[in-house]
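Chemist: Pasting in a structure now, in structure tokens, and then I'll have a few things to ask.
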């Protein structure tokens with residue numbers, strides 16, 4: 001299976017082939033550190049409060065850029081929540097142009113991802129660990145037809 005590629009476009013590796021990208025949840029059921037779509041952006045909820053009776057005030061950070069979004073909704077309204085999936089992959093190469101190759105546990109290869117711009121400093125950390133020859137595990141997150149590397153760590157044996 002080493003010559004097979006991970007198919008990200010339809011989330012096969014994530015086990016959600018053909019599944020919806022979002023699902024509705026009543027605003028009053030949302031919680032801090034959960035996910036929500038604010039102004040079309042998948043966000044992690046960093047603050048949630050009752051701003052006036054019957055209203056929910058949400059503050060979220062875009063999971064891809066870190067940009068802050070705020071919105072107010074009636075507590076009885078349904079709001080879209082993104083399906084967010086994460087997988088751990090082994091880093092196998094970083095090219096000079098920033099293209100990243102990774103391998104899943106079953107040997108599937110993904111070579112269509114670039115070094116991440118967000119979170120800040122992650123790309124430098126990845127390159128530093130890789131250049132030092134350390135085995136590196138990356139966390140890839142996928143939501144709303146976008147995927148990106150969101151974390152990395154040195155693998156300790």
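The values are calculated or read from the model by the stated rules, or taken from the named source; none is laboratory data. What you see is a predicted model, and the numbers here were worked out from it, not measured in a lab. Glycine gets a Cβ as well: all are built from the backbone with ideal geometry, and neighbour counts include every protein chain shown.
Chemist: Residue check: is residue 15 more than 19 Å from the chain's Cα centre (by Cα), on the phi > 0 side of the Ramachandran plot and at pLDDT below 95?
Modeler: no
So that you can scan it fast, the table gives a plain yes or no per residue for (1) in contact with a strand residue (DSSP E or B) (Cβ under 7 Å, 6 or more places away or on another chain); (2) modelled with pLDDT of 95 or more; (3) surrounded by 16 or more Cβ atoms within 10 Å (Cβ to Cβ); (4) outside the structural domain of residue 35 (by TED's automatic domain parsing):
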{"residue": "103", "(1), (2), (3), (4)": "yes, yes, yes, yes"}
{"residue": "107", "(1), (2), (3), (4)": "no, no, no, yes"}
{"residue": "112", "(1), (2), (3), (4)": "no, no, no, yes"}
{"residue": "115", "(1), (2), (3), (4)": "yes, yes, yes, yes"}
{"residue": "139", "(1), (2), (3), (4)": "yes, yes, no, yes"}
{"residue": "150", "(1), (2), (3), (4)": "yes, yes, yes, yes"}
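Chemist: Now for a separate question. Do we have residue 50 as on the phi < 0 side of the Ramachandran plot, over 11 Å from the mean Cα position of the chain (by Cα), crowded, with 17+ Cβ neighbours inside 10 Å and modelled with pLDDT under 95 here?
Modeler: Taking the combined requirement at face value, the residue does not satisfy it.
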